[in-house]
Amino acid sequence: MFKGLKSDIDAVFERDPAARNIFEVVTCYSGLHAIWFYRLSHKLYKNNWYVTARIISQISRWLTGIEIHPGATIGKRLFIDHGMGVVIGETAEIGDDVTLYQGVTLGGTGKEKGKRHPTVKNGALIATGAKVLGSITIGENAKVGAGSVVLRDVPDNSTVVGIPGRIVIQNGERVRTELDHVNLPDPIANMVCDMQRQIAILKNEIDELKGMMRDDD
């Protein structure tokens, strides 16, 4: 048990340059507290103490602002940085050395049964506010950009950004995509331009009819 606690503390020092000493980390890092609450509630959950496990997870949520279902499977050295608003669902699976930032959701997409939450493999990083939804897989050492909404599998060593999430880097190389994030099409502006063209055509036709009527007179 103590080896596991030390491993969790070491993960903070490895990935947070603001961490100064063990006392500060143990007393002030809510992400660490949430993980330790989870470790306890998960053991109870696995031994069919479901209500007690849920009560502990709820207490953890009140104290830390981080909601981890006791049924989730979490590996070693998970680091939750500034974890307020993090949600990890019941069937989520998280590997070793994963990093989650504030506001991350590993959630479901509806009322489906069975495996309905994401699997996050070793070394993945999910940035602030990202939503990873459904029974999908985030590959090893993959990165999910801040505010992204990911609904499909992400390969190993890839970077995903946007809504919905799109792969922009894979194995260190930029992935070409038809979507230009700088010059996105404006459907309203396009519609207005089409209307202006139609109005111009109608105006010309009306002018021609008026001219023909004058000639007849």
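Annotations for the structure displayed:
- Counting the residues of the stretch 30-81 that are of a type in the set (Phe, Trp, Tyr), part of a helix (DSSP H, G or I) and buried (at least 20 other Cβ atoms within 10 Å of the Cβ) gives 3.
- Beta carbons closer than 9 Å, at least 6 apart along the sequence or on distinct chains, never pair a first residue in the stretch 199-217 that is at positive phi with a second that is modelled with pLDDT under 85 and of a type in the set (Val, Ile, Thr).
- Test: residue in the stretch 165-183 that is under 27 Å from Gly65 (Cβ atoms), modelled with pLDDT under 90 and not acidic (Asp, Glu): yes
- Selection of the stretch 100-139 for residues being within 19 Å of Gly31 (Cβ to Cβ) and among the hydroxyl-bearing types (Ser, Thr, Tyr) yields Tyr101, Thr105, Thr128.
- Within the stretch 98-111, the set of residues being surrounded by fewer than 18 Cβ atoms within 10 Å (Cβ to Cβ) and either touching a residue at least 12 places away in the same chain (Cβ under 8 Å) or within 8 Å of the chain's Cα centre (by Cα) (or both) comprises Gly107, Thr109.
- When Leu100 is tested against (1) outside any strand (DSSP E or B); (2) of a type in the set (A, V, I, L, M, F, W, C); (3) over 12 Å from Tyr38 (Cβ atoms), exactly one condition is not met: (1).
- The C-beta contact set for the stretch 1-25 (first residue free of Cβ contacts under 8 Å to residues at least 24 places away in the same chain and among the small types (Gly, Ala, Ser), second residue outside any helix (DSSP H, G or I) and surrounded by 13 or more Cβ atoms within 10 Å (Cβ to Cβ), distance under 9 angstrom, 6+ apart or interchain) comprises Ala19/Tyr29.
The values are calculated or read from the model by the stated rules, or taken from the named source; none is laboratory data. What you see is a predicted model; the values in this text were computed from it and never measured. Neighbour counts run over all protein chains shown; Cβ positions are idealised from the backbone, glycine included.
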